[in-house]
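Only one structure is covered here, and it is reproduced in the block below.
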Amino acid sequence: MIMKEELLKGVYKLQLEIHKDRRGYFSEIYKKEFFEDLEFQPNFTQDNLSFSTEKNTIRGLHFQKDPFAQSKLVTVLSGKVWDVFVDLRKDSSTYKQYGFLELHTGGCSLLIPKGFAHGFCTLEPETLVWYKVDNEYSQEHERGINWKDRTLDIPWPITSNASVIISERDNNLPEIIKLENE
């Protein structure tokens, strides 16, 4: 059994049931029936791992255009992240709104539907993020939004830009206003 809480239209925090004993703990982090009562049921086809060695590593904000848009189920296996999601669905009541959630080992998972940009900032070194997606990667359909986007003005949990570890590609992604006519 898991508890579901909607954070933004279609985005769910999934609080996992943890079974603890003196050995440690056990938890089911994916089971198809978890999603049967939601407005969409992802059909996951691929699992990905992202490992970041340093604190203040930013990845994103990434998304893919149709027909390769992806829903994601994000779970932290070790470490801690500040996870961000931005609604890019033009017909949504939460269009261009963002949300964020701290994810850590043994905590919860985040279910993000198609039509959202996604990214995160590591809050600890040696952070491992596992995520399931329901569509394959397509370089041709890959897009992104700059993490410092002035329209969104996301309050990233970092003290100075000098301490950020980010790929050149992600650091040079366009702002959301440049993507609106795509």
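We did not get these values from a lab; they are worked out from the coordinates using the rules stated. For clarity, every value in this text was computed on a predicted model and none was experimentally measured. So basically every Cβ, Gly included, is an ideal-geometry build from the backbone, and we count neighbours across all protein chains shown.
Taking only the alpha-carbon positions of the chain and ignoring solvent, what does the Debye formula give for the base-10 log of I(q)/I(0) at q = 0.15 Å⁻¹?
-0.88
Before anything else, pin down the relative contact order of the chain: Cα pairs under 8 Å, at least 6 apart, normalised by residue count, whole percent. Each step should come with its number before you reach the end.
Working: 394 pairs, mean separation 51.4, N = 182.
Rounded, it is 28 percent for the chain.
Between their Cα atoms, which of 31/114; 13/55; 9/178; 31/96; 13/178; 55/178 are more than 26 Å away from each other?
From the list (31/114; 13/55; 9/178; 31/96; 13/178; 55/178), the Cα-Cα distance tops 26 Å for 31/96; 13/178; 55/178.
What spacing in nm lies between the two simple spin-label points modelled at residue 89 and residue 18, each 7 Å away from Cα in the Cβ direction?
With each label point 7 Å from Cα toward Cβ, the separation is 3.1 nm.
With each label point set 7 Å from Cα along the Cα-Cβ vector, what nm distance links residue 137 and residue 50?
The modelled label-to-label distance comes out at 1.2 nm.
Exposure proxy check: 122, 75 ranked by fewest other beta carbons within 10 Å?
So the residues, fewest neighbours to most, are 75, 122.
Under the rule of -39500 (n - 2.57) per DSSP H run of 4 or more residues, summed and divided by the residues of the chain, what mean residue ellipticity at 222 nm is obtained, to the nearest 500 deg cm²/dmol?
-500 deg cm²/dmol
Obtain the nm distance between the two label points defined at residue 177 and residue 66 by a simple spin-label model: each point lies 7 Å from its Cα along the Cα-to-C-beta direction.
2.7
Highest first, please rank the peptides 168-178, 93-103, 55-65 by the mean number of other Cβ atoms sitting within 10 Å of their residues.
55-65, 93-103, 168-178
Can you tell me which aspartates and glutamates have their Cα less than 12 Å from the Cα of residue 20? Leave out same-chain residues fewer than eight positions away.
none
Give the distance, in whole Å, between the Cα centre of the range 118-182 and the Cα centre of the range 13-42.
Each part reduced to its Cα centre gives a spacing of 27 Å.
What is the calculated FRET efficiency for residue 159 to residue 128, with r their C-beta to C-beta distance and R₀ = 25 Å, to the nearest 0.05? Kindly include the intermediate steps, with their values, before the conclusion.
Numbers: r = 24 Å, r/R0 = 0.95.
Once the sixth-power term is evaluated, E becomes 0.60.
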